[in-house]
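Coordinate-derived values only; no laboratory data. Here the structure is a predicted model, which means the values were calculated and not measured. Note: ideal-geometry Cβ built from the backbone for every residue, glycine included; neighbour counts use all protein chains shown.
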Amino acid sequence: MKFPLKDPVRHIIWKGDRLRILDQRLLPRRIAYIDCRSAADVAKATKDMALRGAPLIGCAAAFGMALAARKNSKRELPEAAALLKKARPTAVNLACAVDRMLEVARDSSNGGLARDVARAAVEFFEEDIRANQAIAKFGASLLKKNSRVITHCNAGALATAGLGTAVGVIRYAHHIGKIEHVYACETRPYLQGSRLTLWELMQGKVPATLITDNMAAHVMKTQRIDAVIVGSDRIAANADVCNKIGTYGLAILAKHHGIPLIVAAPATTVDFKTPDGDRIPIEERSALEVLEIHGRPIAPIGAKARHFGFDVTPHELVSAIVTEKGIIRPVNGRNLEKILK
Ligand code: MRU
């Protein structure tokens, strides 16, 4: 059956000799694209946040490897792989994509290398689209009619190849009459919630309201919230969930208010090689992203700040992990392995 919902915008387009990327830093004010012609260009666009979201940076990295393989020589691949993996350390989808392309390259003859890696990158991208659709349906099955939900960061179409993970669940649930209202946390300091999630939900005609991150507790207490739905950048073998900074706080608040926390993520986000959340590398970004907004200081000149990009929610605080292969519940390493291995 054809999936009933469309992505709001084309955000990465494979052109064979280049990867065209929607520059998410300009959203929602402007739609503009960047052309990446090498793995180094893709790594730079990823590091600089022109594109972001764990599954999407994985897809872009796969295409980055395809660009590196264009000369039909395996010599450039290890350097390209290292560069891409370094661009953002937390989301494991990126390493997963690069390793998958290296495997394809290893089995490929030099003459067919460019074709084989490009084909594998397109497959990786299309797999994510299908994963999003399956996640949307599984996730929506956990919600009751007229649910009111909170989401954090942007785990939507802009963060994946398809409809999104958490926002994919919300959009599909809305389509079948299960969503009454969405509260989107703005997600300081990069504002993925206000700039991207609100934009996507409004395009999809899903009733949504923006809240600042520090309003979440009050909203949970007063607005009859049924679920918190988020994505993930890496899920450890024991099912601890790493996601955008602020998710751990939301998880604690949700627990206090008896609200289920649902994590939606494809299998490429699960890292069985990392035993628990404490071993997940947490990206620390420039302090300027906290000290300034659009280049304007919002703190005294010379003030110190830190920008931890992600945090880890212990698996005990997660009610369900929704993947394309099924729902993990109760959330623990054994059940994760049962569904995904
Ligand atoms: O720093 P970002 O914008 O790349 O962080 C994105 C997130 O944390 C998302 O919630 C996560 O990648 C899941 S996206 C489907």
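At q = 0.12, 0.15, 0.20, 0.24 Å⁻¹, what is the log10 ratio I(q)/I(0) for segment 1-113, with the Debye formula run over Cα points and no solvent?
-0.42, -0.63, -1.01, -1.30
Tell me, what is the percent relative contact order of segment 152-308, built from C-alpha pairs under 8 Å that lie six or more residues apart? If you can, show how the numbers build up before the last one.
Numbers: 246 pairs, mean separation 31.8, N = 157.
Reported relative contact order: 20 percent.
Using Cα atoms only, what is the angle between the long axis of helix 54-68 and the major principal axis of the chain, expressed in degrees (0 to 90) to the nearest 10?
It works out to around 10 degrees.
Within a Cβ distance under 11 Å of D240, other residues only, what is the Lys/Arg minus Asp/Glu net charge?
Values: positive: R234, R279; negative: D271, D276, D278, D311, E316.
Taking every Cβ under 11 Å from that of D240, the sum is -3.
Evaluated at 37 °C with a viscosity of 0.692 mPa s, what Stokes-Einstein diffusion coefficient in µm²/s does the chain have when Rh comes from the Kirkwood expression over alpha-carbon pairs? All intermediate terms of the calculation are to be shown ahead of the outcome.
On the way: Rh = 20.0 Å.
Rounded, D is 164 µm²/s.
How large is ³J(HN,Hα), in whole Hz, for each residue of segment 310-321 in order, when computed from phi with the Karplus curve 6.51 cos²θ - 1.76 cosθ + 1.60 and θ = phi - 60°, using x for Gly and Pro?
Result, rounded to whole Hz: 9, 9, 10, 9, x, 4, 4, 8, 9, 7, 7, 10.
Each residue of segment 251-266 in order: what ³J(HN,Hα) in whole Hz does its phi give by Karplus 6.51 cos²θ - 1.76 cosθ + 1.60, θ = phi - 60°, with x for Gly and Pro?
Those phi angles translate into 5, 5, 4, 4, 4, 4, 8, x, 9, x, 9, 9, 10, 10, 7, x Hz.
Taking amide hydrogens as modeled 1.01 Å from N in the peptide plane, which residues meet the under 5 Å criterion relative to S147, leaving out close sequence neighbours?
Here I179, E180 satisfy the definition.
In deg cm²/dmol and to the nearest 500, what is the mean residue ellipticity at 222 nm of the chain if only DSSP H runs of at least 4 residues count, each as -39500 (n - 2.57), divided by the residue total?
Working: 11 runs with 124 residues, N = 341.
Mean residue ellipticity, 222 nm, calculated: -11000 deg cm²/dmol.
How far is helix 166-175 tilted off the main Cα axis of the chain, in degrees rounded to 10, range 0 to 90?
60
Can you give me the C-alpha center-to-center distance between segment 76-131 and segment 197-232, rounded to a whole angstrom?
Cα centroid of segment 76-131 versus Cα centroid of segment 197-232: 34 Å apart.
Note the angle between two axes, namely the Cα long axis of helix 77-87 and the longest principal axis of the Cα atoms of the chain, as a number of degrees from 0 to 90, rounded to the nearest 10.
Tilt relative to the chain: about 20 degrees.
For the chain, what does the relative contact order come out to in percent, with C-alpha contacts under 8 Å and a separation of six or more?
Values: 737 pairs, mean separation 52.0, N = 341.
Over the chain, the number comes to 15 percent.
For K341, what charge total do you get from the other residues with a beta carbon under 11 Å from its beta carbon, if Lys and Arg give +1 and Asp and Glu give -1? Don't skip to the answer; put the middle values down first.
Working: positive: K325, R334, K338; negative: E337.
So the environment of K341 carries a net charge of +2.
Out of every Cα pair in segment 166-283, what percent are spaced more than 17 Å from each other?
Numbers: 4039 of 6903 pairs.
Tail of P(r) above 17 Å: 59 percent of Cα pairs.
Using the Karplus equation 6.51 cos²θ - 1.76 cosθ + 1.60 (θ = phi - 60°), what ³J(HN,Hα) coupling, rounded to whole Hz, does each residue of segment 220-229 give in order, writing x for Gly and Pro?
4, 6, 10, 10, 6, 7, 9, 7, 10, 10
For G156, list long-range residues whose amide hydrogen, built 1.01 Å from N in the peptide plane, is under 5 Å from its own amide hydrogen.
Amide H to amide H, under 5 Å and 5 or more residues apart or across chains, G156 pairs with T165, V167.
Collect residues whose amide H, placed 1.01 Å from N in the peptide plane, falls under 5 Å from the amide H of T313; neighbours closer than 5 in sequence don't count.
Close amide H contacts, sequence-distant or interchain: V241, C242, N243.
Please state the charge dipole magnitude for the chain, taken about the Cα centre, from unit charges on C-beta atoms (+1 on K and R, -1 on D and E), reported in debye and rounded to the nearest 20.
Values: 50 positive and 34 negative charges, 120 e Å.
So the magnitude is around 580 debye.
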